Amino acid sequence: MNEHESDAPVNPAPATEAVADTAEVSERIVRCIEALLMAADSPLSVEQLVRLLETTEAVDKSEVRTALSALAERYAESAADLVEVAGGWRFQVGPDYGALVARLWEERPPKLSRAMLETLAIICYRQPLARSDIEAVRGVSVSTGIIKTLAEFDWIKVVGHRDVPGRPALYATTPRFLDDFGVKRLADLPSLPEIKDIDTLDAAVARLRGESDDAESDDDAPAPDEPEAASDAPPDEADHGDERADLE
């Protein structure tokens with residue numbers, strides 16, 4: 001009995017050391033991932049983090065996900081949030097501090113016109129679709145300037161062509177659109193009935209803007225770099241606009 005009692009304390013020591021060593025490695029991985037996300041100028045996926053860490057830490061996807069969860073919990077009460085978007089994981093300023101941080105930049109971002117937001121909302125909820133489909137919902141022609149600006153923002157792209165005379169382009173949203181609007185996938189966007197009239201279109205625009213349905217009175221004003229969107233053609237000109245698009 002005495003021999004067994006004397007041998008008992010020998011085993012716990014290595015186990016304690018193993019636990020401490022595991023905790024130390026986990027914390028190091030968390031800190032490495034934190035540093036990478038802080039320095040990155042775009043979201044990083046789990047696969048990218050595994051590749052970036054392989055030269056210093058041998059980790060797998062499950063370990064990276066565990067570290068990301070720990071890091072997200074650590075920042076839960078801070079001014080910055082660790083969020084997952086379509087492109088991966090990134091730090092971003094919490095919504096309560098958006099207006100404050102915007103003061104760092106003297107130049108205000110270009111204002112998106114009401115027509116541009118309506119077009120983006122229709123593409124978002126009914127993609128892929130052609131310009132004539134957008135015009136059928138809005139009841140007015142869609143200017144080339146609107147499509148061009150949305151493409152320059154990398155929010156929409158051509159994903160194919162309709163198999164009809166003229167082969168009009170079919171548009172859909174991009175991963176950049178999801179990243180900029182802070183969602184991981186299209187399914188995470190607020191649900192919305194099929195857009196059939198101006199009321200549901202207004203609701204879609206409000207959701208994209210992240211604000212209430214009380215839009216500013218000058219929402220229909222064109223953006224500074226969008227001369228072609230200064231006014232929408234009347235409904236009877238929509239067909240001509242679509243014909244021009246098919247010929248382009």
Order Val93, Val183 by their accessible area, 1.4 angstrom probe, all chains in place, largest first.
Val93, Val183
Taking the range 78-175, how much of its Cα-Cα pair set, in percent, is spaced more than 23 angstrom apart?
43 percent
Kirkwood hydrodynamic radius over Cα pairs of the range 122-177, then Stokes diffusion coefficient at 10 °C and 1.306 mPa s, in µm²/s:
139 µm²/s
Per residue solvent-accessible surface (Å²) - the range 109-161, probe of 1.4 Å:
37 Å²
Residue order for Asp179, Asp81, Asp96, Asp188 - accessible surface, 1.4 angstrom probe, largest first
Asp96, Asp188, Asp81, Asp179
Can you pull the Kirkwood radius for the range 45-111, inverse mean 1/r over Cα pairs, to one decimal in Å?
14.0 Å
On the protein heavy atoms, probe 1.4 angstrom, tell me the percent of accessible surface of the range 47-94 carried by carbon and sulfur.
49 percent
Please work out the Kirkwood hydrodynamic radius for the range 26-141, using every pair of different C-alpha atoms, and report it in angstroms with one decimal place.
17.3 Å
So which trypsin sites (Lys or Arg not before Pro) in the range 124-192 end up in coil per DSSP with only 12 or fewer other C-beta atoms within 10 Å?
Arg185
Ranking by accessible area, most exposed first, for Trp105, Trp155 with a 1.4 Å probe:
Trp105, Trp155
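The values are calculated or read from the model by the stated rules, or taken from the named source; none is laboratory data. Since we're looking at a predicted model, the values are computed, not measured. As a convention, Cβ positions derive from the backbone with ideal geometry for all residues, glycine included, and neighbour counts pool all protein chains shown. Ligands, DNA and RNA are stripped out before the accessible areas are found, and what is left, the full protein with its side chains, is counted by its heavy atoms. Shrake-Rupley method; radii C 1.70, N 1.55, O 1.52, S 1.80 Å.
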